[in-house]
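Where a number appears in this text, it was derived from the coordinates with a stated rule and is not lab data. Keep in mind it's a predicted model, so treat the numbers as computed, not measured. Reconstructed Cβ throughout: ideal geometry from the backbone, glycine too, with neighbour counts over all protein chains shown.
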Amino acid sequence: MIEIANALITQSLPQATSTVSIHPGDHFAIRFAPLSLDEVYRLADDAANGAIVVMSGMVRNNTDGKSVVALEYQAYEPMALRVFQKIAAEIRATWAGVTHVVIHHRVGRLGIGEISVLVAVGCPHRSEAFAACKYAIDTLKHNAPIWKKEHWADGSTSWVSIGACEQPGQDC
């Protein structure tokens, strides 16, 4: 399923590369290795900051009351990184003074309690940092080509629908 989706995305991509520039204070990554809160915080740290807001998404043990034992993430990395860059550019256009935007996402099989995504935003003021961080994770969940497969306690699996976060009543 994911291979087909990746092929369709690849075919639909324009031939030109993204025109979104990377700000020197930003950092984006898709990784198989565990994500580090310390690293993300350090990357967002700056003497100009009055606040660094970090959002950590973790694998929980249930979805809608059904027992989950693991999640598996796959991503179309080149496009996902461009989406992360675009999110950072939109943040900078909306909230003045943002010093750093850091977005790291994990791929592969993750167990309960493991960190799947980290977003950090550094700003002079906390209200902007909170708003920008919320915008980043919400937009990432809707726009980045990252797919999640839930592994259930009964041995079955199911892919979370692409665009599921756009459906009313979904808590993604």
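Things worth noting here:
- Nearby aspartates and glutamates by direct alpha-carbon distance to LYS141 (threshold 13 angstrom, same-chain neighbours under 8 apart not counted): GLU166, ASP171
- Each listed q (0.22 Å⁻¹) maps to a log10 I(q)/I(0) for the range 25-153 from the Debye sum over equal C-alpha point scatterers, namely -1.22.
- Dipole of the range 25-153, positive direction: furthest Cα of MET55, PHE28, GLY108, with charges on the beta-carbon: GLY108
- Ranking of VAL83, VAL121 by neighbouring Cβ atoms within 10 Å, starting from the fewest: VAL83, VAL121.
- Placed amide H near ASP26: partners under 5 Å, 5+ positions off or other chain: VAL101
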